[in-house]
Amino acid sequence: MKKKQQGGPVAVIECWENIPCNPCEQSCPHGAIQVGWPITNLPRLEESLCRGCGQCIAQCPGQAIFLVDKSYKEELAVVAFPYEYLPLPEAGAVVTAVNRFGEELSSAKVLRVDNRRSFKATPVIYLEVPKQFADEVRSLR
Amino acid sequence: MNRVDNHPILGKAEPKNKVTIYVDNNPLEAFEGESIAAALLALNMRVCRLTPKRQEPRGIFCGIGQCTDCVMEVNGIPNVRTCITPVRDGMRINTQVGLGKWQNDKET
Amino acid sequence: MIKKHEMVVIGGGPAGLGAAIEAARLGVEVLLVDENLKPGGQLFKQIHKFFGSTDHLAGVRGFEIGKRLLEEAQEAGVKVLLNTKAWGVFGEGVIGLEKDGQSLSIQGQRVLIATGASENALAFPGSTLPGVITAGAAQTMVNIHRVLPGKRILMVGSGNVGLIVSYQLLQAGASIVGIVEMQPNITGYKVHAGKIMRAGVPIYLSHTIKKARGNREVEEAVIAKVGEGLGSGCEAETELAVDTICLAVGLTPSVELALMCGCSWRYEACLGGVVPRHGRNMATSVPWLYVAGDAAGVEEASVALDEGRLAGISIAESLNYLSPASSKIKKEELWHRLNSLRGGPFGEKRYYAKEKLLIS
């Protein structure tokens, strides 16, 4: 896999079980995600093609795709994830960032809540988190 | 309080007509058309009947009319599956004891 | 005089609707019978986005698929008889029905059994207390009736049903106190488990429910670690304050109607138990009788829909509404799709079990 040179947000796919599923492939407007045939193939991300648009996050039925931007600021990274709960936080709110096990990591600022119609009720939340937690933060509380 | 008025996927609950049901003769509020079992659950009432031999409580189990654990006496008819029977205004719903009683049993 | 129909479908879930739509589009006169007040089977309580390929409407939520199917059935001219229970199927496709306390008989030149499956129960001390319910019941209450079945819930079973329903209960505002799984590993998809774990729900692996306590309703669950090896007993009990215990411990195909027609069957544990044997066209060993969906082996809604479509096409062909050549093309496409859903480590067991069922 080619490493992304210019920095910026990039998708992180946490799908490891050869499930028969491929909407991520078609969700990517830049052709960066490949599943192919059979559809139980694991999705492969071509990082050099990923523009970090986040389309795939809401389209993945398993909610297994995230976006991480480690080049955001000196000390801060951005992590984006799907969040199908109420209440939906608003941009600017300070929330608790949690890891894959729901454990508290730090407080974090909500940068953006993307709840566009085409996401079909799966809002995507962009959180500003301390850079050391960029690979750990996966949801909020 | 048990009602899910707002939901992240389904949105706000559609407004429904409020009706009065009589559960063991107590007038209570329910929504027209919802299942009796749902109406009772929303009222925190989970015991539908008492078993014939040991008088043990039973409530809903499968929720889709297959198991018959949630049967009650409805408008004088015993063994009505409350999970698939819609609420109507003025409905009389009684906790069923054992095999229950037909209303006209009393007259005969 | 018994009213005759070209095709009668029993059960209006994804399999029955898929079959009815395909056959009616090809010109078959179809009557669909369902015991509920609304067709759709269990689709309308599925509020999550489905897996699969885009051919299977992956990424679309179950209830949205349900809406589309109802529209398609109406457009195709499928006649629907609701609130009607099929209580028996007899020789020559005669079906006994009950509606509003009245009994009536109809006859189908072809009969499709698409009766789905029922959820398994689990017996333990206290398992009959009000508050012990199936995962499907919880899902019906919360997603159809919009009523929470409880505030503090224990889920038994970490298969996809247990994981998905736990997630949906969280979405509706309940608290999932934990998920109990007797196996040493999560048995459903890890991505489903991931959603729940991110919400901080503990998953108790190698644990089982030992008892439910409560005066008139569930007030507490006792779970216990299971020892290594079968029959080695339980260790280390944990008491959990819960008001509801949901059982997600598998499903059993609803095959009563199919079996009373005398069709041949086979026991396949990974398909849920006794399943009617059928061919690649979903026909059973009884010439006019077809099966599809969970009644032909418990899988998932997307599979049921495509099996139903297969049955609909086969029935249309058998009634000369479709040439064998065009039927073959349509069926091959559907088998291609079905095989894609039966691939990978989760699907291939079902694939092999289905192969063993097949009547050549």
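The values are calculated or read from the model by the stated rules, or taken from the named source; none is laboratory data. These figures come from a predicted structure and were not determined experimentally. Heads up, the Cβs are rebuilt from the backbone with ideal geometry, glycines too, and the neighbour counts pull from every protein chain shown.
Quick check on region C:154-164. Is at least one of its residues assigned to a strand (DSSP E or B), in contact (Cβ under 8 Å) with a residue 40 or more places away in the chain and either touching a helix residue (DSSP H, G or I) at 6+ places or on another chain (Cβ under 6 Å) or surrounded by fewer than 22 Cβ atoms within 10 Å (Cβ to Cβ) (or both)?
Among the residues of region C:154-164, at least one is assigned to a strand (DSSP E or B), in contact (Cβ under 8 Å) with a residue 40 or more places away in the chain and either touching a helix residue (DSSP H, G or I) at 6+ places or on another chain (Cβ under 6 Å) or surrounded by fewer than 22 Cβ atoms within 10 Å (Cβ to Cβ) (or both), which makes the answer yes.
Give the residue that is nearest to the other protein chains (Cβ to nearest Cβ), with candidates limited to residues of region A:99-132 that are of a type in the set (Ser, Thr, Tyr) and under 16 Å from the mean Cα position of the chain (by Cα).
Across region A:99-132, the extreme among qualifying residues is A:THR122.
Taking the condition of being more than 9 Å from every other protein chain (Cβ to nearest Cβ) and closer than 21 Å to A:GLN59 by Cα, how many residues in region A:88-98 meet it?
Going through region A:88-98 one residue at a time, the tally reaches 1.
Have a look at C:LEU82, C:LEU70 and point out the one that is at pLDDT 95 or above and within 19 Å of C:PHE50 (Cα to Cα).
Going through C:LEU82, C:LEU70 in turn, just one is at pLDDT 95 or above and within 19 Å of C:PHE50 (Cα to Cα): C:LEU70.
As an exercise: evaluate C:LEU129 against (1) within 22 Å of the chain's Cα centre (by Cα); (2) part of a loop (DSSP other than H, G, I, E, B) and give the number of the one condition it does not meet.
(1)
Taking the criterion of being part of a strand (DSSP E or B), within 14 Å of chain A (Cβ to nearest Cβ) and at pLDDT below 95, would at least one residue in region C:47-55 satisfy it?
Scanning region C:47-55 turns up at least one residue that is part of a strand (DSSP E or B), within 14 Å of chain A (Cβ to nearest Cβ) and at pLDDT below 95.
Considering B:VAL19, B:VAL4, which residue is more than 10 Å from the chain's Cα centre (by Cα), more than 8 Å from chain C (Cβ to nearest Cβ) and buried (at least 17 other Cβ atoms within 10 Å of the Cβ)? Spell out how you get there, then give the answer.
Working: B:VAL4 fails: more than 8 Å from chain C (Cβ to nearest Cβ).
The unique qualifying residue is B:VAL19.
Out of B:VAL71, B:VAL47, report the one residue that is crowded, with 16+ Cβ neighbours inside 10 Å, closer than 22 Å to C:THR244 by Cβ, more than 10 Å from chain C (Cβ to nearest Cβ) and touching a residue at least 12 places away in the same chain (Cβ under 8 Å).
Being crowded, with 16+ Cβ neighbours inside 10 Å, closer than 22 Å to C:THR244 by Cβ, more than 10 Å from chain C (Cβ to nearest Cβ) and touching a residue at least 12 places away in the same chain (Cβ under 8 Å) holds for just one of B:VAL71, B:VAL47, which is B:VAL71.
Any residue at all in region C:23-36 that is in contact (Cβ under 8 Å) with a residue 24 or more places away in the chain, touching a helix residue (DSSP H, G or I) at 6+ places or on another chain (Cβ under 7 Å) and β-branched (Val, Ile, Thr)?
yes
I'm trying to understand the selection: among the residues of region C:174-200, which are at the interface with another protein chain (Cβ under 7 Å from one of its Cβ atoms) and of a type in the set (Val, Ile, Thr)?
Correct list: C:VAL191 only.
From C:GLU317, C:GLU348, C:GLU300, C:GLU333, which residue is within 22 Å of C:VAL255 (Cα to Cα) and charged (D, E, K, R)?
C:GLU300
Look at A:ILE39 and say whether it is under 25 Å from C:ALA199 (Cα atoms) and within 14 Å of chain C (Cβ to nearest Cβ).
Spelling it out, it is not the case that A:ILE39 is under 25 Å from C:ALA199 (Cα atoms) and within 14 Å of chain C (Cβ to nearest Cβ).
Just to be sure before I move on: is A:SER48 in contact with a Lys or Arg (Cβ under 6 Å, 6 or more places away or on another chain), touching a residue at least 24 places away in the same chain (Cβ under 8 Å), more than 14 Å from every other protein chain (Cβ to nearest Cβ) and surrounded by fewer than 21 Cβ atoms within 10 Å (Cβ to Cβ) in the structure I sent?
Details: in contact with a Lys or Arg (Cβ under 6 Å, 6 or more places away or on another chain): yes; touching a residue at least 24 places away in the same chain (Cβ under 8 Å): yes; more than 14 Å from every other protein chain (Cβ to nearest Cβ): yes; surrounded by fewer than 21 Cβ atoms within 10 Å (Cβ to Cβ): yes.
Taking the combined requirement at face value, the residue satisfies it.
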